[in-house]
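Take a look at the structure below.
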Amino acid sequence: MKRLLAFGLAAALLLGGCGAPKTQQAPTQKQQQTDTATTDTTANQDGLQVVTSFYPIYILTLNITDGVEGVSVTNMTQPQTGCLHDYELTSEDMKTLEGADVFLINGLGMESFLPDVQKQYPTLFIGDTSKGAYVLEAEDDHMQDDVPNAHIWLDPQNAIRQTEVIRDTLSQKDPAHATQYAANADAFAQSLSGVLEQTQTLRQRPESNVALFHEGFDYLAEICNLDTSAEIYAEENQEPSAREMAEAAEDIREDRVQILLCAEDNGKKYADTLAAETGARVIVLDPLTSGEATKDAYRLGMEENLRILSEALGQ
Ligand SMILES: [Zn+2]
C-alpha cells in the first residue's frame, strides 16, 4: 500500500469552512469486520460492504440499512473527525475503500479527496447524497466563483433527500433488499416529522438577526427564517483579521443581534470575544459532524439544536 501514502494533497484549496480537530491517528473504531480485500466492486460473498465518508452520512446510512441482513456499514473516518474539507486520506482509508461495494459521500466538494479515490478505484460505486439537495451558496470572500455550502444535512429536508439517494444507491447495488431500504427511508422521513414541526414553529416567530460562526448554521438560519447579520468562519490555520472582527462587531450592534450561533469546537472563541464586546449572547449548537454512532443521533441532535434555538429566541 505504499503508493497510497502519496495521496491526499489536492484537497486543501477547496472550501475551507469549518475546520474540525485534525487528529489523524490510526483508526480504531472501524466496524469493518472482514478482511476480504476484493478489488472488484461486485458484492462480496459475505454481503454488501458499504463505506461512508464521514459521520452524518454514516448516521443517515445506519437508518436506511437498519435491520437489513448481510449489510455492513463502515465509516471511513473517525466519528470525531468533523468536516472533511481538508481531510487527508490515510493508507488505512484506502484499505477500507478497497473492500467496499459502495462508497456513500456527502458530495459538493466535502470529500475533496474524491479525485484520488476515483483514480485509485475507478470502478468503485459512489453514491453522491447531495443529488437533489437544496443547496445554499457558501459565503466566501476568497473565492471568485460561486461555491456550494456543503453542509446540507443541517436542513432536515435535505437529510431526508440524502437518505432517498442512499436508498436508491443501495437498492441498485442490492435489489434483493430494495423493499426494506424503501421502508427504512419512509420511517426516517416519518421520524423527522417532529423536527419539521419545530422548524415550522420557529419560522412563524418574528424575524431575528443572528451572527453565525459555523458555515453549516447557514442552513439552520435558512430553515428557521433568521436573518444573518454577520458571519465569521474561521478556516484552518486562518484566524479572522482584526478588521473582520471589528466589522462583525459593528454589524452585530447595528442590527441589534441578540444571539451568536457557534459550535463548541468551532468559532466559539470568536463568538465569545464578540459577545464580550457587544453584549450579545453566545449560543452553542451542534453541527452534527460527530457524535454517537446510533441511528437516532441525527434526529436527537437536530431536535436539541432547534430546542436550544427556540429557547434562545424566546419562544
Ligand atoms: Zn464544514
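The values are calculated or read from the model by the stated rules, or taken from the named source; none is laboratory data. Please read these numbers as outputs of a predicted model, since none were measured by experiment. Every residue, glycine among them, receives a Cβ derived from its backbone with ideal geometry; neighbour counts consider all protein chains shown. Surface accessibility is based on the protein's heavy atoms, side chains included, excluding ligands, DNA and RNA. Shrake-Rupley method; radii C 1.70, N 1.55, O 1.52, S 1.80 Å.
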Whichever residue in the range 97-118 is within 16 Å of the ligand (Cβ to nearest atom) and in a loop (DSSP other than H, G, I, E, B) and, among such residues, is most open to solvent (accessible area, probe 1.4 Å): Leu108
Just wondering, is there one or more residues in the range 292-305 that are crowded, with 17+ Cβ neighbours inside 10 Å and touching a Pro at 6+ places or on another chain (Cβ under 8 Å)? yes
Being open to solvent by less than 40 Å² (accessible area, probe 1.4 Å), within 16 Å of the ligand (Cβ to nearest atom), among the acidic types (Asp, Glu) and on the phi < 0 side of the Ramachandran plot, is that true of even one residue in the range 139-153? yes
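One line per residue, one yes/no per condition, for (1) under 30 Å from Leu196 (Cα atoms); (2) at pLDDT 95 or above:
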| site | (1), (2) |
| --- | --- |
| Tyr219 | yes, yes |
| Tyr233 | yes, no |
| Glu250 | no, yes |
| Asp255 | yes, yes |
| Gly267 | yes, no |
| Pro287 | yes, yes |
Need the failing condition index for Thr179 against (1) in a helix (DSSP H, G or I); (2) surrounded by fewer than 15 Cβ atoms within 10 Å (Cβ to Cβ); (3) not assigned by TED's automatic domain parsing to the domain that holds Gly82, just the number. (3)
Of all residues in the range 58-91, how many are assigned to a loop (DSSP other than H, G, I, E, B), closer than 26 Å to Gly216 by Cα and away from the ligand (no atom under 16 Å from the Cβ)? 3
What about Gly279, is it on the phi > 0 side of the Ramachandran plot, out of contact with any strand residue (DSSP E or B) (no Cβ under 9 Å at 6 or more places or on another chain), modelled with pLDDT of 95 or more and not hydrophobic (A, V, I, L, M, F, W, C)? yes
What residue, of Tyr121, Tyr134, is closer than 19 Å to Glu164 by Cα, touching a residue at least 12 places away in the same chain (Cβ under 8 Å) and surrounded by fewer than 21 Cβ atoms within 10 Å (Cβ to Cβ)? Tyr134
Restricting attention to the range 159-175, does a residue exist that is open to solvent by 60 Å² or more (accessible area, probe 1.4 Å) and at pLDDT below 95? no
Using beta carbons and a limit of 6 Å, which pairs, at least six apart or on different chains, have the first residue in the range 33-58 and within 23 Å of Ala178 (Cβ to Cβ) and the second one at pLDDT below 50 and polar (S, T, N, Q)? Asn44/Thr36; Asn44/Thr38; Asp46/Thr34
Evaluate the following for Ser130: is it within 16 Å of the ligand (Cβ to nearest atom) and of a type in the set (Ser, Thr, Tyr)? yes
Condition check: on the phi < 0 side of the Ramachandran plot and either within 22 Å of the chain's Cα centre (by Cα) or open to solvent by less than 60 Å² (accessible area, probe 1.4 Å) (or both). Does Asn225 satisfy that? no
